[in-house]
Each structure stands twice: as C-alpha cells, then as structure tokens.
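*Asks:* For reference, the structure I am asking about is given below.
The values are calculated or read from the model by the stated rules, or taken from the named source; none is laboratory data. Computed from a prediction, not measured in an experiment: that's the story for all the values here. Backbone-built Cβ (ideal geometry, glycine too); neighbour counts: all protein chains shown. What goes into the accessible areas is simple: the full protein's heavy atoms, side chains included, and nothing from ligands, DNA or RNA. Shrake-Rupley method; radii C 1.70, N 1.55, O 1.52, S 1.80 Å.
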Amino acid sequence: MIRYVIALNELGIKNSDLIFLLQNYFSDIVEMFTDSLVFESRLELMAYGEYFSNKDLVDQALLKADTILEKNKELDIKTTFYTQKNYPKELAKIDNPPAIIYYKGAEFFEISEYAIACVGTRKPTKFSYNAVNYLVPQWVSNNCSIISGLACGVDKLAHQSCISSGGKTIAVLAHGLDMIYPKENKTLAERILSNGGILMSEYPIGTKADKSRFVNRNRLIVGMSKVVVIYECEAKSGTMHNADFALQQKKPVFCPAVGDEVIDIQTGTKKLIDEHIAAVIKHGRDIKGVLDAVGIKNINTKMRTIDIKKVFLHAVLSILNSETVLDTTIQELGLPLRNDNSFYETATKLIDNPPLNIDSLLNSLILNNIASINKTLQTNDESLTA
C-alpha cells in the first residue's frame with residue numbers, strides 16, 4: 001500500500017486531499033491506479049480522475065515511488081502514513097499533518113510521549129548553553145524526550161544534552177534522510193540514532209533543504225511536542241515561526257528569563273515574554289511549569305547540582321567546534337589533563353576531589369567554543385565574498 005500512497009503524493013495530489021483519501025477511501029487507493037472505473041463508481045473520487053488521465057505520468061509516479069522505497073531499504077529509512085498505527089500520535093492532532101513520514105531509528109512509541117520542543121538561535125551565547133544544559137537533564141530525569149531540528153546552535157545543544165542525560169531525542173529535518181544538513185552535525189545525527197532516538201522528515205530521499213522547508217520543519221517540531229521552549233532568538237528570525245505554530249496548535253510556550261537589558265540575539269525571547277505569549281522559566285531549577293504543561297504531576301526534583309554540571313560537561317565536550325577548543329581550555333586553566341578520550345573521566349575525578357573547579361572548566365569551554373564557532377563563521381563568510 002505504501003507504494004501507492006507515495007505515488008499519489010508524486011502525482012501532485014495535495015497533502016490535505018491525500019489525508020482525506022486515506023481516511024475515507026483507503027481500500028480504493030490501489031484501484032485508482034489499476035481500474036479507471038473506480039472514478040465512475042465512486043462519485044466522490046471523480047475529482048481525482050484527472051490525475052490519472054495521463055498514463056505516462058502515472059507510470060512515472062509509480063516508478064518514483066519504487067525508487068524511493070528501494071533507496072529507503074538501502075538506507076534503513078522507514079515509512080509511515082497518516083492512518084497507520086505507528087504514525088506519531090501527537091503530530092496526528094494538528095491541522096493538516098503530513099500524510100507521509102519518513103524516519104530512521106526507533107519507533108515513535110518508544111520515545112516518551114512527554115515531548116518538549118527546544119529551539120532557538122544558531123549562534124547561542126553562554127546564556128543558552130547554561131539554560132539548555134541545566135533544564136534538559138532535569139526534564140529527561142522526569143521521563144521527557146526532546147524534539148528539535150538538528151540545526152547548529154540551540155538545536156545542537158538540546159539534542160546533545162538529552163543524549164548526555166540518557167534520554168531519547170527526535171530530530172525533525174527539512175530535507176530527505178539521504179543527507180544531513182548541516183554536514184557538521186552528521187556525528188550528532190549518528191549519536192541520536194545509536195542512543196535510541198529518531199531522525200524524521202516529511203520529505204522523501206533526494207529532497208534538498210530550502211527556506212520554505214525549514215519553516216515547514218518548524219511546524220512539525222511544534223506538532224511533535226506538547227510544550228515549546230524557546231531560548232535565545234532575534235525578534236525577526238526563523239525561530240519565531242515556532243511561536244506562531246505553537247499558538248495555532250494551542251501548545252504552551254516557555255522562555256528562560258533574559259532580564260531587562262538584552263542583546264540583539266535575545267530580542268525575540270524578550271518579545272515573547274513581554275507580550276505574554278511565553279511563560280517565564282525563572283532559573284535553572286524552575287522545571288515545574290514545563291513538566292506540568294506536558295502532563296507530569298509527580299515531579300522528581302532531586303537531581304543534584306553537581307550531577308547536572310557533570311552532564312553539562314559531557315554535553316559540551318561532545319559538541320566542541322574543534323579539537324583546539326579543548327587544547328585552549330587545558331592551557332588556559334593549566335589543567336594536568338590530556339586532550340584524549342580519557343579527558344571527561346579524569347576531569348570528573350578531579351572535580352569530585354578538588355582542585356578542579358567545574359564552573360571554571362565549563363565557563364572556559366563554553367567561551368572558547370563560542371569563539372571558535374564565530375571564527376569559523378567569519379572564515380566562511382569571507383570565502384563567500386572573496
């Protein structure tokens with residue numbers, strides 16, 4: 001059946017019409033391709049007959065569906081559609097959800113239904129590093145999952161913090177699953193899968209990322225979640241689409257408190273708070289509001305601060321922009337440590353038995369990583385204008 005559902009999509013039938021057919025004429029879909037009389041015997045299907053008037057186009061759609069399914073098998077990409085039992089339940093509740101979902105990794109029922117969308121700028125400051133890495137481990141310890149978009153910045157922080165906390169995360173992509181964009185997040189995508197998470201998209205293999213698809217991606221990030229947490233973002237940014245979709249889908253929005261004096265990258269966050277679109281997360285231990293909103297009543301607040309910071313350290317070490325970031329931090333703090341796979345284990349032992357101060361270590365790593373990312377972005381910008 002999935003072959004014919006994909007072929008309907010390839011013929012150009014609108015998503016809303018495809019859902020209508022799946023809901024009301026599921027048993028007739030195959031016949032639409034094999035018996036033209038079905039359009040005469042089912043008056044409600046007559047409007048779709050024009051899509052099948054050109055046999056060559058129908059054959060091409062079926063061939064494209066076969067190609068997609070063959071490539072999916074090679075890449076371990078699974079497919080579900082709106083009326084199937086393994087279609088994500090929360091997503092099915094939104095207006096005009098995608099009729100077809102392509103995904104890799106776990107099944108949707110294996111991920112906690114208490115899903116929190118974490119989104120924000122691609123150029124986070126120390127504020128977002130702290131907010132994400134204090135809040136996410138506590139939510140994960142309360143059986144929550146994290147939904148984001150595998151972009152650089154806040155998305156990357158949220159996915160990795162969830163993984164480092166032992167949780168399962170879902171990345172919603174704006175392109176086919178035969179690629180990863182941006183390329184530098186390929187390792188993170190592999191970690192998501194190896195730790196029981198999911199990569200998903202409404203687009204088949206061969207579909208490239210473009211601006212409109214990122215907006216659609218944001219709609220699905222919100223649709224997959226019960227609550228949306230927006231960290232730093234500018235007032236005019238793609239992240240703000242998440243707030244719009246949350247309002248449309250009646251999903252609660254939360255933002256960490258940014259204070260009265262904000263930088264450009266926080267103007268969107270401030271706007272959401274000031275206009276009472278978002279509820280405020282007052283500090284790193286203020287987890288109750290979000291957990292109430294996702295439906296968790298028996299809240300575990302016993303996670304020790306030092307344990308949160310150790311998860312924080314693991315997460316940051318996992319997403320360093322380059323090896324030189326850790327080298328710089330080791331030299332800066334005069335650490336008796338090597339830049340190798342033993343760093344985290346050795347560092348945590350020194351933290352448990354001072355002299356190593358974990359706050360100083362985290363601060364140095366974060367600032368050096370931000371500096372490295374900014375240098376990379378500047379280099380990329382210069383190469384484009386050269």
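*Asks:* Does Val253 meet the test of being of a type in the set (A, V, I, L, M, F, W, C) and within 16 Å of Ile230 (Cβ to Cβ)? Steps first, please.
*Replies:* Working: of a type in the set (A, V, I, L, M, F, W, C): yes; within 16 Å of Ile230 (Cβ to Cβ): yes.
Taking the combined requirement at face value, the residue satisfies it.
*Asks:* Suppose we keep only residues that are of a type in the set (Phe, Trp, Tyr) and in contact with a Leu (Cβ under 6 Å, 6 or more places away or on another chain) within the stretch 37-67. Which one would you say is surrounded by the fewest Cβ atoms within 10 Å (Cβ to Cβ)?
*Replies:* Our first condition is that a residue be of a type in the set (Phe, Trp, Tyr); within the stretch 37-67, this holds for 39, 48, 51-52.
Within this subset, residues satisfying the condition of being in contact with a Leu (Cβ under 6 Å, 6 or more places away or on another chain) are 39, 51.
Working: Phe39: 21, Tyr51: 17.
Across the stretch 37-67, the extreme among qualifying residues is Tyr51.
*Asks:* Now for a different question. Take the residues in the stretch 145-188 that are open to solvent by 10 Å² or more (accessible area, probe 1.4 Å) and of a type in the set (Ser, Thr, Tyr), then tell me which one is farthest from Gln266 (Cα to Cα).
*Replies:* Thr187
*Asks:* Mind counting the residues in the stretch 244-268 that are in contact with a helix residue (DSSP H, G or I) (Cβ under 6 Å, 6 or more places away or on another chain) and either in a helix (DSSP H, G or I) or within 14 Å of Arg122 (Cα to Cα) (or both)?
*Replies:* Count: 3.
*Asks:* Of the residues Arg191, Arg213, Arg219, only one is within 15 Å of the chain's Cα centre (by Cα), within 22 Å of Gln266 (Cα to Cα) and either without any contact (Cβ under 8 Å) to a residue 24 or more places away in the chain or open to solvent by 10 Å² or more (accessible area, probe 1.4 Å) (or both); which? Explain how you work it out, then say what you get.
*Replies:* On the way: Arg191 fails: within 22 Å of Gln266 (Cα to Cα); Arg213 fails: within 22 Å of Gln266 (Cα to Cα).
Going through Arg191, Arg213, Arg219 in turn, just one is within 15 Å of the chain's Cα centre (by Cα), within 22 Å of Gln266 (Cα to Cα) and either without any contact (Cβ under 8 Å) to a residue 24 or more places away in the chain or open to solvent by 10 Å² or more (accessible area, probe 1.4 Å) (or both): Arg219.
*Asks:* Would you list the helices (runs of 4 or more DSSP H) that sit entirely within the stretch 269-384 and hold 3 or more residues that are closer than 27 Å to Asn142 by Cα? Give the steps one after another, and end with the answer.
*Replies:* Values: elements: 288-294, 305-318, 323-333, 343-352.
Per the criteria, 288-294, 305-318, 343-352.
*Asks:* Just for the stretch 75-134: of the residues that are of a type in the set (Asp, Glu) and within 18 Å of the chain's Cα centre (by Cα), which one is farthest from Arg3 (Cα to Cα)?
*Replies:* Going through the stretch 75-134, the residues of a type in the set (Asp, Glu) turn out to be 76, 90, 95, 107, 110, 113.
Those left that are additionally within 18 Å of the chain's Cα centre (by Cα): 90, 107, 110, 113.
Details: Glu90: 25, Glu107: 20, Glu110: 25, Glu113: 29 Å.
For the stretch 75-134, the residue satisfying everything is Glu113.
*Asks:* Quick check on this structure: which one of Thr267, Thr207 is open to solvent by less than 40 Å² (accessible area, probe 1.4 Å), β-branched (Val, Ile, Thr) and more than 22 Å from Glu113 (Cα to Cα)?
*Replies:* Only one candidate qualifies: Thr207.
*Asks:* Among the residues that make up the stretch 166-187, is at least one of them within 19 Å of Ala106 (Cβ to Cβ), part of a helix (DSSP H, G or I), out of contact with any Leu (no Cβ under 7 Å at 6 or more places or on another chain) and in contact (Cβ under 8 Å) with a residue 24 or more places away in the chain?
*Replies:* no
*Asks:* Sticking with this structure for a sec: Kindly list the number of the only condition in (1) on the phi > 0 side of the Ramachandran plot; (2) open to solvent by 60 Å² or more (accessible area, probe 1.4 Å) that fails for Gly105.
*Replies:* Gly105 satisfies every listed condition except (2).
*Asks:* Only residues that are of a type outside the set (Phe, Trp, Tyr), part of a helix (DSSP H, G or I) and open to solvent by 10 Å² or more (accessible area, probe 1.4 Å): list them for the stretch 124-144, please. Break it down into steps so the answer makes sense when it comes.
*Replies:* Narrowing the stretch 124-144 to residues of a type outside the set (Phe, Trp, Tyr): 124-126, 128, 130-133, 135-138, 140-144.
Subsequent filtering for residues that are part of a helix (DSSP H, G or I) retains 126, 128, 130-133, 135-138, 140.
Within the stretch 124-144, Lys126, Asn130, Ala131, Val140 qualify.
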